[in-house]
Amino acid sequence: MQNFTYHNPTRILFGAGQIGSLRREVPQGVRILLTYGGGSIKANGVYDQVKKALAGFDLLEFGGIEPNPTFEYLMKGVELARQEKVEFLLAVGGGSVVDGTKFMAAAVPYQGNEWDLVGRHIAPRSALPLGAVLTLPATGTESNGNAVVTRAATREKIAFSSPLLFPRFSILDPETTFTLSSRQVANGVVDAFVHTLEQYLTYPADAPLQDRFAESILRTLIEEGPRTLADPTDYNARANVMWCATQALNGLIGAGVPHDWATHAIGHELTAFHGLDHAQTLAIVLPNLLWVQRTPKREKLVQYAERVWEIRQGTEAVRLEKGIIATRAFFEAMGNPTHLSAYAVGEERFPEIAERLEARKALPLGERKDITREKVLEILALAR
Ligand code: NZQ
Ligand code: ZN
């Protein structure tokens, strides 16, 4: 096992009715900025619940944060927060709202070009404190220090992180997710599944506990994903998926083991160029990446096929391939196509994606740094 430091400071308040606890969680006597997205929280009553819980608090609002939040729009919120001397940010919504709010938290006190926090990965020295009410289980942002922001002007989508950006608390009420479309539910399950694989499907690190944590998340998502899709108001299915998504990217399963993240890096480019949902890109890239990387990932792929999909018959090569086929079939069954042909993405884009990654010095990718420009092109070609 590799050395690691593990510290997750986010307080999780999980379950129906927990929005009422907001009063106790936000600091008293400070000006709060409530941030949200395109209006789903107004349509499903979450906004009303939050306002009720915080009646009497000094509360301002900044709505309209887009899916795949943009630097340009978030800067309006940064200016508002500076002008109004906001001291606490409360994000209410999905991963985009929480990520966008994390950017604002770092940008408000930052003196300099705020894009540098993202584009040049300048570590913020301070940040406003933030809390979250999560309405879409997927990203794990409710309990990590990461955020992904897009610069619309240049179509760059970039992840950054800081220990200062962990939410102080996150409220996870599965009932808030009942109004999600099946597309967003599928996206959430696939995103959490791929987060787990990016930290598990690498090479053996003699870390059996992390492996079994990861396998438990994967098996639970395989069971609960279709259940939650079939009945949007099945509270326990929603609760199980929600807790899986948090556990998939809160640092626990990734402690002391190698990470991949190549699927995410390639996927972010597809979103930046073509506007595909984050998890739609992952469903397309991952199965093809696993196939291209089947030799360096052989040992973990065989373990994955056996322990997650119960594939025990045939040679190693057969079992490994069956595991990849089962993964693809799971994404498709959840409603996420695994080929680019389902979207309007032409082959002419592939070299541009590889060049982008190269220009950003992101290549070679992967846990062994062996996903070169040529392999990126091979993965995209297979994904056609
Ligand atoms: O904007 P509103 O009106 O709120 O609608 C949203 C949005 O249109 C809607 N929605 C959210 N909760 C809902 C709801 N609709 C009905 N009922 C509800 N309860 O869903 C749509 C998508 O929301 P979004 O927040 O964009 O989705 P998600 O949570 O999947 O977040 C995706 C973003 O997170 C980033 C992605 O790259 C993408 O930008 N990621 C962040 C990570 C992190 N911080 O650790 C890791 C991930 O790998 C990922 O990259
Ligand atoms: Zn993701």
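Each reported figure results from applying straightforward, stated rules to the coordinates on display, with no laboratory input. Quick caveat, the model's predicted, so the values are computed rather than measured. Glycine also receives a Cβ, built like all others from the backbone with ideal geometry; neighbour counts cover every protein chain displayed.
Other residues with beta-carbon under 12 Å from the beta-carbon of Ala186 carry, at +1 per Lys or Arg and -1 per Asp or Glu, a net charge of -2.
Comparing Thr196, Pro167, Leu229 along the charge dipole axis of region 164-232, the residue lying farthest to the positive side is Pro167, per the Cβ-charge model. For Ser341, the shell of other residues with beta-carbons less than 15 Å away shows a net charge of 0, using +1 for Lys and Arg and -1 for Asp and Glu.
When you filter the trypsin sites (Lys or Arg not before Pro) in region 12-100 for DSSP loop state and at most 15 other Cβ atoms inside 10 Å of their Cβ, you are left with Arg31, Lys85. For the chain, the dipole from Cβ point charges (+1 on Lys and Arg, -1 on Asp and Glu) about the Cα centre works out to 420 debye, to the nearest 20.
On the principal axes of its alpha-carbon atoms, the chain has extents of 66, 44, 43 Å, going from largest to smallest. Around the amide H of Gly94, modelled in the peptide plane, lie the amide H atoms of Thr135, all under 5 Å away and 5 or more residues distant in sequence or on another chain. Electrostatic tally near Met242: other residues with Cβ closer than 11 Å to its Cβ, Lys and Arg +1, Asp and Glu -1, net -3.
Protection proxy ranking of 1-8, 236-243, 114-121, 135-142, by the mean of other Cβ atoms within 10 Å over each peptide's residues and highest first, is 135-142, 236-243, 114-121, 1-8.
Here the Karplus relation 6.51 cos²θ - 1.76 cosθ + 1.60, evaluated at θ = phi - 60°, turns the backbone of region 162-179 into coupling constants of 7, x, 6, 9, 5, x, 5, 8, 9, 9, 10, 10, x, 5, 5, 8, 4, 8 Hz, with x for every Gly and Pro.
Axis of helix 208-230 versus longest Cα principal axis of the chain: the two differ by about 70°, to the nearest ten degrees. Within region 23-98, DSSP assigns beta bridges of which about 0% are antiparallel (rounded to the nearest 5). By a straight-distance test (C-alpha under 25 Å), which lysines pair with Lys157 as possible cross-link partners, with residues fewer than eight away in the same chain excluded? Straight-line reach from Lys157, under 25 Å: Lys76, Lys102, Lys361, Lys369, Lys375. Note that region 291-306 has calculated 3J(HN,Hα) couplings of 5, 5, 9, 5, 6, x, 9, 3, 4, 6, 5, 5, 4, 4, 4, 6 Hz, one per residue in order, obtained from phi through the Karplus relation 6.51 cos²θ - 1.76 cosθ + 1.60 (θ = phi - 60°); glycine and proline are x. Per-residue ellipticity at 222 nm computed for the chain from its helices equals -15000 deg cm²/dmol, with DSSP H segments shorter than 4 residues left out and the rest contributing -39,500 (n - 2.57).
Projected onto their three principal axes, the Cα atoms of region 274-384 cover extents of 42, 31, 18 Å, largest first. Loop-located GluC sites (Glu not before Pro) in region 288-384 (DSSP state other than H, G, I, E, B) with a sparse environment of at most 14 neighbouring Cβ atoms within 10 Å: Glu310, Glu347, Glu348.
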